[in-house]
Amino acid sequence: MTTIQLKPVTKETIDSCLSLSVLEQQQSFVAPVAKSLAYAYVNHEYCRPFGIYDGQELVGYVSTIYDPSDGMYCIWHMLIDKKQQGKGYGTAALAQVITYFQTAPFGKGTRIGLSCHEQNTTALDVYRKLGFKETGEKDDEGEVILIRSLKTEIEN
């Protein structure tokens with residue numbers, strides 16, 4: 001059984017996080033870690049970047065943010081390294097992110113939102129499996145917006 005942990009990106013782990021990448025055909029689906037970390041830095045008041053670990057091994061990255069104006073937590077960027085894909089890490093990591101949001105690290109929240117490229121069917125399947133539903137809207141970059149309640153249980 002895989003035990004996934006989210007660990008804050010630190011000055012000791014940043015280089016390892018920066019070395020993560022996705023398959024070439026997935027590069028249009030997610031921002032590079034360096035860009036994501038830059039966004040996290042300038043939005044540090046409500047944004048937290050995490051390395052996704054299986055034990056001591058870094059397998060992915062996720063950046064989370066909270067919008068206090070509407071109580072929504074969001075997953076900004078999430079990726080599993082190309083060498084680690086297909087092992088269930090994405091689903092396990094997403095479940096950990098949801099659990100993290102349920103602790104209300106920045107304040108009371110009611111929903112979790114994210115966006116996804118409509119051709120990223122693998123990610124869309126994972127999001128749907130964990131209760132995210134498409135809103136019928138797209139974000140500024142043309143990605144599908146998905147929302148789930150923060151209160152509902154995670155179904156496996």
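For Ser36, only one of the following conditions fails: (1) part of a helix (DSSP H, G or I); (2) more than 23 Å from Leu124 (Cα to Cα); (3) of a type outside the set (Asp, Glu). What is its number?
(2)
Residues checked against (1) more than 15 Å from Leu6 (Cβ to Cβ); (2) in contact (Cβ under 8 Å) with a residue 12 or more places away in the chain:
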residue	(1), (2)
Ser36	no, yes
Tyr39	yes, yes
Glu45	yes, no
Arg48	no, yes
Ile52	no, yes
Gly55	no, yes
Val62	no, yes
Met72	yes, yes
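Identify the single condition in (1) in a helix (DSSP H, G or I); (2) surrounded by 11 or more Cβ atoms within 10 Å (Cβ to Cβ); (3) at pLDDT below 95 that Cys17 does not satisfy, given that it satisfies every other one.
Of everything listed in (1) in a helix (DSSP H, G or I); (2) surrounded by 11 or more Cβ atoms within 10 Å (Cβ to Cβ); (3) at pLDDT below 95, Cys17 misses just condition (3).
Would you be able to tell me the number of residues in the range 117-144 that are surrounded by 16 or more Cβ atoms within 10 Å (Cβ to Cβ) and either aliphatic (A, V, I, L, M) or within 19 Å of Phe101 (Cα to Cα) (or both)?
Looking only at that region, the number is 8.
Here's the yes/no breakdown for (1) touching a Pro at 6+ places or on another chain (Cβ under 9 Å); (2) at pLDDT 95 or above; (3) within 17 Å of Thr91 (Cβ to Cβ):
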site: Gln26; (1), (2), (3): no, no, yes
site: Pro32; (1), (2), (3): no, no, no
site: Lys35; (1), (2), (3): no, no, no
site: Arg48; (1), (2), (3): yes, yes, no
site: Tyr53; (1), (2), (3): no, yes, yes
site: Ser63; (1), (2), (3): yes, yes, no
site: Tyr66; (1), (2), (3): yes, yes, no
site: Asp70; (1), (2), (3): no, no, no
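Being out of contact with any Leu (no Cβ under 7 Å at 6 or more places or on another chain) and touching a residue at least 12 places away in the same chain (Cβ under 8 Å) is the filter here; which residues of the range 20-34 pass it?
Once the filter is applied, which keeps residues that are out of contact with any Leu (no Cβ under 7 Å at 6 or more places or on another chain) and touching a residue at least 12 places away in the same chain (Cβ under 8 Å), the range 20-34 yields Ser21, Leu23, Gln26, Ser28, Phe29, Ala31.
Would you pick out the residues in the range 57-77 that are under 21 Å from Thr110 (Cβ atoms) and not aromatic (Phe, Trp, Tyr)?
Within the range 57-77, Val62, Ser63, Thr64, Ile65, Asp67, Pro68, Ser69, Asp70, Gly71, Met72, Cys74, Ile75 meet the criteria.
Of everything in the range 20-55 that's surrounded by 15 or more Cβ atoms within 10 Å (Cβ to Cβ) and charged (D, E, K, R), which residue is nearest to the chain's Cα centre (by Cα)?
Out of the qualifying residues, it is Arg48.
If you take the residues of the range 86-136 that are part of a loop (DSSP other than H, G, I, E, B) and aromatic (Phe, Trp, Tyr), which of them is modelled with the lowest pLDDT? Walk me through how you get there before you give the answer.
In the first step, residues of the range 86-136 are kept if they are part of a loop (DSSP other than H, G, I, E, B); the result is 86-88, 103-110, 117-120, 130-132.
Imposing the further condition that a residue be aromatic (Phe, Trp, Tyr) reduces the set to 106, 132.
Numbers: Phe106: 93, Phe132: 96.
If we take residues in the range 86-136 being part of a loop (DSSP other than H, G, I, E, B) and aromatic (Phe, Trp, Tyr), then Phe106 is modelled with the lowest pLDDT.
The values are calculated or read from the model by the stated rules, or taken from the named source; none is laboratory data. Predicted, not measured: the structure shown is a model, and the values here were computed from it. So basically every Cβ, Gly included, is an ideal-geometry build from the backbone, and we count neighbours across all protein chains shown.
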